[in-house]
Amino acid sequence: MAPNPPPIPPPLGGPSAPVPTGPKVTSAAATASLVLSLVGMFCPPLFIGGVAAVLLGVVAIFDIRSSQGTKSGGALAGVGIAIGSITTIGWVGLIVAMLVIPKTVSSPAPPPPVYLPPVTTMPYAAPTSAPPAPAAPQLSRDTKTIETVVGKVTVVDVGIDGASFEDELRAQRAKAAEAKQTLVVMTSSTTCRPCLGVAASLIDPKMQAALAGVRLVRVDVHDFSDELQDLGIPHDVIPGFFLLGANLQPVDGIHGGEWDDDTASNIAPVLGGFVRGKLTERRQPWTRRRAPTARPGGTML
């Protein structure tokens, strides 16, 4: 009788697990990982979705491996992990670059201001035996008396047409009295740069305060040389400023030699004290028909 064969030992690892049957279920974590990775890629404020996609992708892989073949979606989880990692690294790198790297493009800085040196007009003398020659015709010269209000100052430019010079001064004195203004006669010229400097500074607040309530009657010395001489109003140095008495003759006067550069800061204190009778300290005291005196920044005729 033949002996019985020995029993066959079971395979290593124990009994084999039964093979599952039926359709597999896609892991919800894998699907969520893919969705969040796409959201983090296309929506910058939600780039944190890339981090969540990586975490859910790892959870999905472990879930699929432990499901014993009942769940699928490993490919989805892998794609979600890959996209989520790239998105997270990209956005973090961009934020760091924006915070650390200084801006290299900036608006051009405005150019520094250009300061021009002060213009000083050298005085020149004219023969005293003959009246000064008339200035060259100016295209903008007006032949009629024009009154202009510059803030608190009334400026009157006496024209060569119309009433006589004395009648015009009397009319301006009457208007000044009616408006309770101080009448000041200014000798000037269209070719006098210091005179233009005084005119340009009238709008400055310092000049407005100094000449508030003043009727400034500007007289061109080339047009009214004889009339000024008859009234005893000096016109050898301009610009000149004069207060008139009852007979239209000057009782006090100064000229541009009382200040240096023709700026509002220099002119305003002098003229403000002069029109109010408080200019006690002067470089050149007032005298009737004084000899022509040169001054820096003035024009001597």
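The values are calculated or read from the model by the stated rules, or taken from the named source; none is laboratory data. Computed from a prediction, not measured in an experiment: that's the story for all the values here. Neighbour counts run over all protein chains shown; Cβ positions are idealised from the backbone, glycine included.
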>> Can you find, within the stretch 285-301, the residue that is modelled with the highest pLDDT among those that are part of a loop (DSSP other than H, G, I, E, B) and within 17 Å of MET186 (Cβ to Cβ)?
In response: TRP286
> Can you list the helices (runs of 4 or more DSSP H) found entirely within the stretch 144-254 that contain at least 1 residues being under 18 Å from THR287 (Cα atoms)?
Replying inline: 225-230
> How many residues does the stretch 165-196 contain that are touching a residue at least 12 places away in the same chain (Cβ under 8 Å) and of a type in the set (Gly, Ala, Ser)?
Replying inline: 4
> When the stretch 163-190 is examined, which residues are found to be polar (S, T, N, Q) and surrounded by 14 or more Cβ atoms within 10 Å (Cβ to Cβ)?
Replying inline: GLN172, GLN181, THR182, THR187, SER188, SER189, THR190
> If we scan the stretch 278-287, do we find a residue that is in contact (Cβ under 8 Å) with a residue 40 or more places away in the chain and not acidic (Asp, Glu)?
Replying inline: no
>> Among the residues that make up the stretch 181-191, is at least one of them within 19 Å of LEU279 (Cβ to Cβ) and within 33 Å of the chain's Cα centre (by Cα)?
In response: no
> Quick one: in the stretch 260-270, which of the residues that are hydrophobic (A, V, I, L, M, F, W, C) and surrounded by fewer than 23 Cβ atoms within 10 Å (Cβ to Cβ) is farthest from the chain's Cα centre (by Cα)?
Replying inline: VAL270
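Any chance you could count how many residues in the stretch 235-244 are of a type outside the set (A, V, I, L, M, F, W, C) and at pLDDT below 90?
2
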> With respect to the numbered conditions (1) within 60 Å of the chain's Cα centre (by Cα); (2) at pLDDT 70 or above, which one is the sole condition not fulfilled by VAL25?
Replying inline: (1)
